[in-house]
Amino acid sequence: MAGAADIAVETAPLEWDASLWRTAIAQLEQALPHASIDPGTAERLRYPEHATIVSVPIRLDSGETKVFPAYRVQHSRVLGPTKGGVRFDPHVSLSECAALAMWMTWKCALLRLPYGGAKGGIRCNPRELSRGELERMTRRYTAELRGIIGPQEDIPAPDMATDEQTMAWMMDTYSMQVGHATPEIVTGKPISIGGSVFRNEATGAGVVMVIERACQRLGIELAGLRCIVQGFGKVGGIAAHELAGKGAIVTGVGDYSGGVHSGDGLELAAVEQWTAEHGSLGGFPGVSHVTNAELLELPCDVLVLAALEGQVTAANAGRLQARIVAEGANGPTTVEADAVLAERGIPVLPDILTNAGGVTVSYFEWVQDLGRLFWGREDIRTRLAEKMCDAFDRVWELSEQKDLTLRSAALVVGIREVAAALDARGLFP
Ligand code: NAD
């Protein structure tokens with residue numbers, strides 16, 4: 001008999017039910033009607049399979065003890081171990097990790113990688129912590145996740161404010177716990193301990209592979225196109241470089257300090273040298289300086305968004321003058337802006353497809369580690385291009401067939417792959 005207590009259980013919000021999770025769920029619900037999957041299977045996709053909260057206590061350099069809340073969420077394990085980054089950020093929450101884990105599931109499935117999606121992080125301000133404090137925090141977090149992460153269970157990677165060094169500490173901690181070197185526990189680690197060549201360039205290079213494929217489908221020659229890249233970091237810096245390598249003209253780039261623009265095309269080597277020496281684009285000589293908002297609205301053929309989320313919104317989508325928008329960052333275009341751009345006939349190359357080069361080469365890193373063999377740069381680049389182009393073609397075809405935006409088509413393709421695996425395996429017990 002249903003009593004008051006049962007009703008309370010029914011209506012209490014789920015622990016991860018907050019803003020970013022709602023966006024992820026809204027996208028799933030929008031895609032489901034086009035995915036033609038069993039309602040019971042769809043229901044399983046709405047929940048993360050595992051969500052872990054741990055407390056990470058460390059001794060600060062001052063001698064004080066401080067405890068940091070930390071998380072690891074695994075959205076779907078049907079296709080294989082889960083895969084996803086670890087971020088150190090003051091905004092990390094169970095909800096954020098759950099949403100990002102769900103997006104990782106669609107991204108891995110879309111690329112046909114044998115992984116589900118995960119995400120984790122520690123709620124902290126990494127800029128306030130010393131290197132020693134970061135190391136102790138990373139090692140304790142890794143130790144707390146014993147039994148949760150593992151080469152066949154869940155394989156972390158770098159994300160916001162984490163890098164090769166963080167992965168090396170995680171790899172070492174896990175290896176010490178199990179008693180032997182286990183490089184396949186993380187990806188994005190230094191080459192000296194089993195990292196892969198071309199991992200650092202993979203996301204930016206993959207972005208340009210997708211742009212090139214889109215240009216072919218649209219009947220446009222990439223060489224000679226004028227490109228603007230927002231974000232000049234690991235993704236945007238490499239994407240700009242790769243675009244120039246294909247004969248495109250990079251007329252503008254931007255970072256947190258603002259944008260630089262030159263109608264004749266930027267001298268990228270000089271821009272890179274300036275940012276390496278000065279820490280930002282600010283003050284770079286001989287070009288026009290614009291704000292980040294202005295940079296996005298300058299005329300160009302391809303606009304690459306490779307900085308952060310929420311950059312193209314309902315407020316500025318109507319003023320963009322690009323012919324193609326490519327999402328190197330996660331979530332740079334809001335749902336409302338997507339609708340405006342679709343209405344204006346500007347294709348958006350969606351994040352789960354366009355920035356999937358990073359996780360794809362992470363997969364190659366894991367495979368190399370498991371096999372104790374190592375591939376060369378050109379081999380990895382060729383394998384990456386094959387994977388990116390294959391995923392692009394499946395998305396493009398579905399979008400034509402069903403008259404969907406590329407984003408909806410990418411979600412549907414990813415969701416269908418996961419649903420097919422759930423159906424084939426059935427529901428345990
Ligand atoms: P990064 O820290 O190397 O670079 C970020 C760049 O954005 C920097 O140039 C920074 O100055 C700039 N930036 C920061 N705030 C800005 C602002 N307000 N306006 C304009 N520019 C700003 O980070 P990254 O690894 O290049 O990641 C960029 C995006 O790509 C993120 O959304 C990330 O989640 C996504 N992504 C990264 C990878 C990867 O392999 N690195 C993979 C998939 C997705």
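Throughout, read-outs are computed from the coordinates displayed, never taken from laboratory work. Bear in mind that the values here come from a model prediction, so they are computed numbers and not experimental data. Heads up, the Cβs are rebuilt from the backbone with ideal geometry, glycines too, and the neighbour counts pull from every protein chain shown.
Kindly rank 331-341, 80-90, 366-376 from highest to lowest mean number of other beta carbons found within 10 Å of each residue.
By packing density, highest mean first, the sequence is 80-90, 331-341, 366-376.
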In the chain, what % of DSSP beta bridges are antiparallel (nearest 5)? 45
Quickly work out the E267-to-V367 label distance, labels modelled 7 Å from Cα along the C-beta direction, and quote it in nm with one decimal. 4.2
Tensor-based shape of segment 253-384 (alpha-carbon gyration tensor, a/c under 1.5 rounded, otherwise prolate or oblate): oblate
Please sort 22-33, 271-282, 319-330 by packing, taking for each peptide the average over its residues of neighbouring beta carbons within 10 angstrom, highest first. 319-330, 22-33, 271-282
Length gained, S175-Q401, 0.36 nm per residue minus C-alpha separation, equals 76.5 nm
In whole percent, what relative contact order does segment 47-182 give with Cα contacts below 8 Å and a gap of six or more residues? 27
Where is the GNM fluctuation largest for the chain (alpha-carbon springs, 10 angstrom cutoff): I149, I352, I191? I191
Rounded to one decimal in nm, the spacing of the 7 Å Cα→Cβ label points at A143 and I25 is 3.7
Place the peptides 301-312, 394-405 in order of packing, highest mean first, counting for every residue the other Cβ atoms within 10 Å and averaging per peptide. 301-312, 394-405
Antiparallel DSSP bridges in segment 71-161: what percent, to the nearest 5? 30
State, as an integer percentage, the relative contact order of segment 191-303 based on alpha-carbon contacts under 8 Å between residues 6 or more apart. 25
Calculate the FRET efficiency for R46 and R425 from the Cβ-Cβ distance with a Förster distance of 30 Å, rounded to the nearest 0.05. 0.95
Contour minus end-to-end for E336 and A315, with contour as 0.36 nm per residue of separation and end-to-end as the Cα-Cα distance? 6.6 nm
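For the chain, what does -39500 (n - 2.57) per DSSP helix run (n ≥ 4), summed and divided by total residues, give at 222 nm, in deg cm²/dmol to the nearest 500?
Per the formula, -15000 deg cm²/dmol.
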Which whole number in µm²/s is D for the chain by Stokes-Einstein, with the Kirkwood Rh taken over Cα pairs at 20 °C and 1.002 mPa s? 96
